[in-house]
Number of protein chains: 2
Amino acid sequence: MDEFSLIRRYFAGLTDSASGVRLGIGDDAAILIPPPGHELLMTSDTLVAGRHFPLDTVAHDIGWKALAVNLSDLAAMGAKPLWCLLALTLPSSDEDWLAGFADGLRELSEQHGIALVGGDTTRGPLSITITAVGSAPAGTALRREGAKAGDVVCVTGTLGDAALALSGRAPALQQRLDRPTPRIDAGLALRGIATAAIDLSDGLAGDLGHVLAASGMGAELDAETLPMSEAFALATESAERLTLQAAGGDDYELCVCLPSSRLREARAAVEATGTTLTAIGVISAEPGLRWTRGGLPIDGPQHGYRHFDDGSAAHG
Amino acid sequence: MDEFSLIRRYFAGLTDSASGVRLGIGDDAAILIPPPGHELLMTSDTLVAGRHFPLDTVAHDIGWKALAVNLSDLAAMGAKPLWCLLALTLPSSDEDWLAGFADGLRELSEQHGIALVGGDTTRGPLSITITAVGSAPAGTALRREGAKAGDVVCVTGTLGDAALALSGRAPALQQRLDRPTPRIDAGLALRGIATAAIDLSDGLAGDLGHVLAASGMGAELDAETLPMSEAFALATESAERLTLQAAGGDDYELCVCLPSSRLREARAAVEATGTTLTAIGVISAEPGLRWTRGGLPIDGPQHGYRHFDDGSAAHG
């Protein structure tokens, strides 16, 4: 079966004509019409089997997660997702696996009206690279730079669920690891409000560190304010929470900075998208990341998570 | 070293600001300004070690080829290349390898003024996925569909060199296999003239077959007219040439259809870009691919090349 037959067979529905698609899969390249007056946001992330997901992860969840990690990058830019390209390297043409993988990819892409417009299928060790393209009105995309002294640091949703699930101690949270929710609508809601944004793929401490470096700022974070799910609270002791919540990866929540005068407005806008926005600290002009608990300085995580234990480069 | 440090260190010069790049590598996604009035062309191709290139290929040539196969797809659409994203999966952080790979990628990208605007680095079995983005004025991109009965079938350059090099019999042609030349300028020159186009990645017979299927047409090709290099002519017997030239992969030449009334104009336009355009046959309304030699029907290749001997899906 050639690649287009394979893609047409398993990915039907994903390749339907969507906004701005003049020509989708089936030629040497897709022909796409960018929205006038918008800038494009583009990102590529790779998932390698055994590295970015456990080898026993079901195909459906791999399909979902391969797209979700890319959409999370678009969410952090405040972009509306438009199109994606899939480069799929598979050890063999396992039809059950392909059907499950396509289902997971389709389920998430339908939630956001994204079209699969191109890609490649090759044989080799299991690995998936998705390139996602989104758009935002010119000049409105969120960046890592731009945080100002006095800005409030906020995060969407809850932190630490995926890291706890990865430890195997909270089966109820497994979906937070296997099927993360890219915060696309929250990112859109925060456009025009947030001064800086990043998605939390490698843990709050490391990812916020990228914002601080890009903005030339520091931050004070209050360990007691980090939002946690009920399942997380039940399954953890308080002494271990900070590490899981601030140095554990795969949250795929957004971390944003915004003027304190706009916190109420931002919280309402994010809550309208079905998640929460929690203030966890403040940006300061003094470089570095400092932690407090009950107003007193404590030692806390300074670095992010590295996937599994191999020291591989984190994905952006 | 995190991925941005790695990319900044080895890919400096590739990430310089280029046309339409508002924000390149270093954030969650690149911010890109599409050329007004243009459509975008996007393609992703993966090279897997041992599958799409021999394991002993030097890093420089892998970097070149990973970009070249993507640019060849853009060439077949008549697109001007703008930007690319690199997803690089590496077994280890081998600095010599990275420096060589980056040099090869840089050399080709500089020839076409392309900026590396994003990507991902992960650890795993060696594999490279590049997503290339180009543009063309709205409505002018070349497609596989559109060939008309009576059109002349033409190819750029010479055929069979890479297939012969792969067999190990023509060291002088090794660069044709390892460092193919994407026919970007020829593709641009053929915009507004060609009725259909494809790049020859998997062999003339199979790739032209895609054009015929998309256009609902057939073709008669004259085996004696297939253009060959001097090195190819010297190293081969006439009896083996047709298979190498029409069923061998990795030529990365363009195959285009165009009205016979415009053949002279097309040839001059392509020659001005530094390569040749050779008429090899004619499109007919009768489905199927038919071969002649000296005006008499002969058996000839009907299908393309499959990478190495694994039956993997060909790349587009």
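The values are calculated or read from the model by the stated rules, or taken from the named source; none is laboratory data. This is a predicted model, so every value here is computed, not measured. Cβ: placed from backbone, ideal geometry, glycine included. Neighbour counts: every protein chain shown.
Numbers below:
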| read-out | value |
| --- | --- |
| Test: A:TRP83 is at pLDDT 95 or above and within 14 Å of another protein chain (Cβ to nearest Cβ) | yes |
| Residue satisfying all of: in segment B:270-292; among the charged types (D, E, K, R) and not in a strand (DSSP E or B); surrounded by the fewest Cβ atoms within 10 Å (Cβ to Cβ) among these | B:GLU286 |
| Residue, farthest from B:PRO180 (Cα to Cα), within segment B:23-37, restricted to residues that are within 8 Å of chain A (Cβ to nearest Cβ) and assigned to a strand (DSSP E or B) | B:ASP27 |
| B:THR131 being within 14 Å of another protein chain (Cβ to nearest Cβ) and either outside any helix (DSSP H, G or I) or among the hydrophobic types (A, V, I, L, M, F, W, C) (or both) | yes |
| Identity of the residue in segment B:49-64, more than 14 Å from every other protein chain (Cβ to nearest Cβ) and within 15 Å of B:GLN174 (Cβ to Cβ), that ends up surrounded by the most Cβ atoms within 10 Å (Cβ to Cβ) | B:TRP64 |
| One residue from A:GLY146, A:GLY104 being at pLDDT 95 or above, outside any strand (DSSP E or B) and either over 19 Å from A:VAL69 (Cβ atoms) or not assigned by TED's automatic domain parsing to the domain that holds A:ILE62 (or both) | A:GLY146 |
| Among (1) modelled with pLDDT of 95 or more; (2) more than 19 Å from A:LYS148 (Cα to Cα); (3) within 14 Å of chain B (Cβ to nearest Cβ) - the single one A:ARG306 does not satisfy | (1) |
| Residues located in segment B:195-244, provided they are over 26 Å from B:LEU142 (Cα atoms) and not hydrophobic (A, V, I, L, M, F, W, C) | B:GLU224, B:SER229, B:GLU230, B:THR236, B:GLU237, B:SER238, B:GLU240, B:ARG241, B:THR243 |
| Filter result (more than 7 Å from chain A (Cβ to nearest Cβ), among the hydrophobic types (A, V, I, L, M, F, W, C) and more than 22 Å from B:ALA189 (Cα to Cα)) within segment B:86-127 | B:LEU86, B:LEU88, B:LEU90, B:TRP97, B:LEU98, B:ALA99, B:PHE101, B:ALA102, B:LEU105, B:ALA115, B:LEU116, B:LEU126 |
| Options B:GLU240, B:GLU224; residue that is surrounded by fewer than 19 Cβ atoms within 10 Å (Cβ to Cβ), outside any loop (DSSP other than H, G, I, E, B), outside the structural domain of B:LYS65 (by TED's automatic domain parsing) and touching a residue at least 12 places away in the same chain (Cβ under 8 Å) | B:GLU224 |
| Every residue from segment B:107-128 that is without any contact (Cβ under 8 Å) to a residue 40 or more places away in the chain and part of a strand (DSSP E or B) | B:THR122, B:ARG123 |
